[in-house]
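The values are calculated or read from the model by the stated rules, or taken from the named source; none is laboratory data. Predicted model only: the values in this text are computed from it and were never measured. A quick note on method: Cβ atoms are made from the backbone with ideal geometry, for glycine too, and the neighbour counts reach across all protein chains shown. These accessible areas exclude ligands, DNA and RNA; they are computed on the full protein's heavy atoms, side chains included. Shrake-Rupley method; radii C 1.70, N 1.55, O 1.52, S 1.80 Å.
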Amino acid sequence: TFVHEVGENALVEALKTTFRMAPAAGGVVVKDGKFVSIVRHGIPDLPKGHIEKGESPENAALREVTEETGIGNLQIVKALPSSWHCYQVGEEWRLKRTYWYLMESGEAIQPKPQTEEGITEIKLIGNEDIEAFLKGTFRSISEILGKDLHQVVTK
């Protein structure tokens, strides 16, 4: 395969010269057979954000989900698959790996959208809403986490 021919380190170095790495972390908060989604700039999404220097992906996910949704007392249940996507900021290309975690909260969900981040709405997505969510969200989320999200709402 290509990776074996050029070597994994060479491939990683080529990616690093092409893209600025932008690690992020987020969560799928589950409550009563539904999961929490946000609407950011009109697009259904899951709460996530950048990992700060020296911060673990788990701590970043807990912090970002709380900041973006107002939901406190979060605990990570398990890690979910990571997603990858690239985007352009000015002339610079960025490659974002997002670490995802399944989470629960011991509190009643009383969402407060982080409007300064472009979040206008927080919704609980159940079995009746999941197909519309998956169709409207980013492809990286629907393809990587779609199966896990379906399992949440069909329990």
>> Anything in the stretch 19-50 that is open to solvent by 20 Å² or more (accessible area, probe 1.4 Å) and under 12 Å from the mean Cα position of the chain (by Cα)? List them, or say none.
In response: P23, P44, K48, H50
> Just to be sure, is S105 closer than 16 Å to A24 by Cβ, small (G, A, S) and either out of contact with any His (no Cβ under 8 Å at 6 or more places or on another chain) or open to solvent by 40 Å² or more (accessible area, probe 1.4 Å) (or both)?
Replying inline: no
>> Looking at (1) open to solvent by 40 Å² or more (accessible area, probe 1.4 Å); (2) within 14 Å of the chain's Cα centre (by Cα), which one does G146 not meet, given that it meets all the others?
In response: (1)
> How do the pairs read when you match residues in the stretch 70-92 that are closer than 16 Å to G49 by Cα with residues anywhere that are of a type in the set (A, V, I, L, M) and assigned to a loop (DSSP other than H, G, I, E, B), using Cβ under 8 Å and keeping only pairs 6 or more apart or on different chains?
Replying inline: I71/I109
>> Of the residues L134, L80, L62, only one is modelled with pLDDT of 95 or more, of a type outside the set (K, R), in a strand (DSSP E or B) and surrounded by 13 or more Cβ atoms within 10 Å (Cβ to Cβ); which?
In response: L80
